[in-house]
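The values are calculated or read from the model by the stated rules, or taken from the named source; none is laboratory data. The shown structure was predicted, so the numbers you read here are calculated from the model rather than taken from an experiment. Neighbour counts run over all protein chains shown; Cβ positions are idealised from the backbone, glycine included. In case anyone asks, the SASA skips ligands and DNA or RNA and just uses the protein heavy atoms, side chains included. Shrake-Rupley method; radii C 1.70, N 1.55, O 1.52, S 1.80 Å.
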Amino acid sequence: MNLLARPLYYWPLLILTAAATPLAFAPYYLFWLMPLLFAVLTALLHLRPGRQIRSAYVFGLTAYTAQFYWVYTALHTVSGLPKLYAVPLTFLLPAYLALFPAAAVWLWRQTRLPRLLSAGIALPLCWTLAEFARERLLTGFGWGALGYSQIADASPLAGWISIGGIHLLTLVTAAFGTWLYLLVSRATPLRSRVVPAVCMAFYLMLGIWFKQTDYTRPAGRPVSVALIQGNIEQGLKFREDQFLPTLQTYYRRVADARADIVILPETAIPAMRQDLPQSVLDEFAAAARANGSALAVGIPQYTDDTRSAYLNSAVHLTADTVGSAPLPAYSKNHLVPFGEYKPLPALTEPLYRLMDMPLSDFRRGGAAQPPFDMAGQKVAFNICYEDGFGEELIASARQATLLANISNMAWYGRSNAMFQQLQQSQARALELGRYMVRATNTGATAIVDHKGRIVSQALPDTETTLEGTVQGMSGQTPYMMYGSRWLWAVAAAVAALVLHGRLTRRKDT
């Protein structure tokens, strides 16, 4: 028996492999590490065939706990939920997410193919299909997908994302890892190792070519932007005695900004727009106009039909409107479960009474909302973790020349959550071929170009204004034209492989 197959060595090695996965993502950007870790996982799965599904679940549970430890920060440190509840709830998300790697390996086990095809093709296909399901089921949570590890300036695989989105990049990353395993495995005959070597070279060369290809083109003149980071602590954000200081902070920053476009973060003004005296917003707009700036502000507002439901919105305060027409607004459509709405309220409502979590019952704003006209650019907004869902941004991006994300990551303290979200914005910029500007409360405020590169970034956890120049872009990447429709082919291929595996088993019996 292989020494590493013994439980004393096998399980610690599996857990250490999974625990190392955060290093492959932001803020570390060790993109080369993820294919290595996936190769190790593939090797371990082959060492103990009878424990493959269990191994995949333990891998997922460990990896997602290590990556998303900041859930505890949001629940306990910031929201005040007692540890008795916060600790088990912190593990609840990874425990759920780990079901998807386990499902991927279960599907893979249903296929019966030669070793090269099984590890090199079937396993990456099954893993990608499970990652896609993870992003879609129960509103979805795609953070930590393998493909995000390749969103780094030096990654030769990153260009694949412009062709088929984050899931194609996940497929390529997983396949690169499995082919790497086959290349070095002693079970692979020497003459057969040319296949994984050729496949890996193919992924690398095409990835470099795709990344160097310009799918979109400049639109209009470059414009200056000012992204304001207020650094308002979450515990102070909604306190009545801090409301005026918060307004003063942002007003001063707007008045001092010298840029074509000025953007304030999510819920920068922590009050319902309709509850504010109109003169307050008029003063913000006047300060921006005095500097020749177009101003967008994150502010919650009531829905048109009732004051008992509300929207998480960005409002274009300096827009030219006709008559009594309302100011243009973008309202968040993909809401965060538990954070922005209450799933199964009969069960979860008691927990909310133990936490300080205001504005936890938003309504959806609707899909494909039009962009804002700002300084000659069409700016498509998304709010908070909406930048984790590339396909949902395509419709607005087609109408836009510039993308903007406003977020409030103060919920997660000084954790890696803000940098992981920044990496997702980098992915969206590459997918959609447009600059992405990010205005956040505490970080990561940044300017990302159409190639996914961070042009400039504000120091986290400081009050500051990040200024820079961006170029509007028009046109479509292949991903914008076709979206994730190619995944139907993946689903069909996996179904065919599973059917083939079952028919083969029947013949053998």
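Computed quantities for the displayed model
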{"item": "Search result, residues across the stretch 71-95 that are more than 19 Å from residue 143 (Cβ to Cβ) and open to solvent by less than 60 Å² (accessible area, probe 1.4 Å)", "result": "76, 79, 80, 81, 82, 86"}
{"item": "Within the stretch 426-457, considering residues that are among the hydroxyl-bearing types (Ser, Thr, Tyr) and surrounded by 24 or more Cβ atoms within 10 Å (Cβ to Cβ), the one farthest from the chain's Cα centre (by Cα)", "result": "442"}
{"item": "All positions within the stretch 119-158 that are part of a helix (DSSP H, G or I), open to solvent by 20 Å² or more (accessible area, probe 1.4 Å) and free of Cβ contacts under 8 Å to residues at least 60 places away in the same chain", "result": "121, 133, 136, 137"}
{"item": "Within the stretch 253-272, tally of residues that are out of contact with any Phe, Trp or Tyr (no Cβ under 8 Å at 6 or more places or on another chain) and either open to solvent by 60 Å² or more (accessible area, probe 1.4 Å) or in contact (Cβ under 8 Å) with a residue 60 or more places away in the chain (or both)", "result": "11"}
{"item": "Given (1) open to solvent by less than 30 Å² (accessible area, probe 1.4 Å); (2) touching a Lys or Arg at 6+ places or on another chain (Cβ under 9 Å), index of the condition residue 249 fails", "result": "(2)"}
{"item": "Selection count where residues are more than 20 Å from residue 375 (Cβ to Cβ) and either in contact with a strand residue (DSSP E or B) (Cβ under 6 Å, 6 or more places away or on another chain) or hydrophobic (A, V, I, L, M, F, W, C) (or both), scope the stretch 259-302", "result": "13"}
{"item": "First in the stretch 423-436 and at positive phi, second anywhere and assigned to a helix (DSSP H, G or I) and crowded, with 24+ Cβ neighbours inside 10 Å, Cβ under 8 Å, 6 or more apart", "result": "433/162"}
{"item": "Filter pass, residue 238 being in contact (Cβ under 8 Å) with a residue 60 or more places away in the chain, in contact with an Asp or Glu (Cβ under 9 Å, 6 or more places away or on another chain), open to solvent by 10 Å² or more (accessible area, probe 1.4 Å) and among the hydrophobic types (A, V, I, L, M, F, W, C)", "result": "yes"}
{"item": "Residue in the stretch 193-203 that is in a helix (DSSP H, G or I), touching a Pro at 6+ places or on another chain (Cβ under 7 Å) and open to solvent by 50 Å² or more (accessible area, probe 1.4 Å) present", "result": "no"}
{"item": "In the stretch 303-339, residue nearest to residue 394 (Cα to Cα) [restricted to those that are modelled with pLDDT under 90, open to solvent by less than 50 Å² (accessible area, probe 1.4 Å) and within 30 Å of the chain's Cα centre (by Cα)]", "result": "334"}
{"item": "Residue check for residue 114: open to solvent by 50 Å² or more (accessible area, probe 1.4 Å) and not hydrophobic (A, V, I, L, M, F, W, C)", "result": "yes"}
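The rows are residues; the columns are (1) under 17 Å from residue 32 (Cα atoms); (2) of a type in the set (Ser, Thr, Tyr); (3) open to solvent by 10 Å² or more (accessible area, probe 1.4 Å).
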site: 160; (1), (2), (3): yes, no, yes
site: 165; (1), (2), (3): no, no, no
site: 181; (1), (2), (3): yes, yes, yes
site: 210; (1), (2), (3): no, no, yes
site: 223; (1), (2), (3): no, no, no
site: 232; (1), (2), (3): no, no, yes
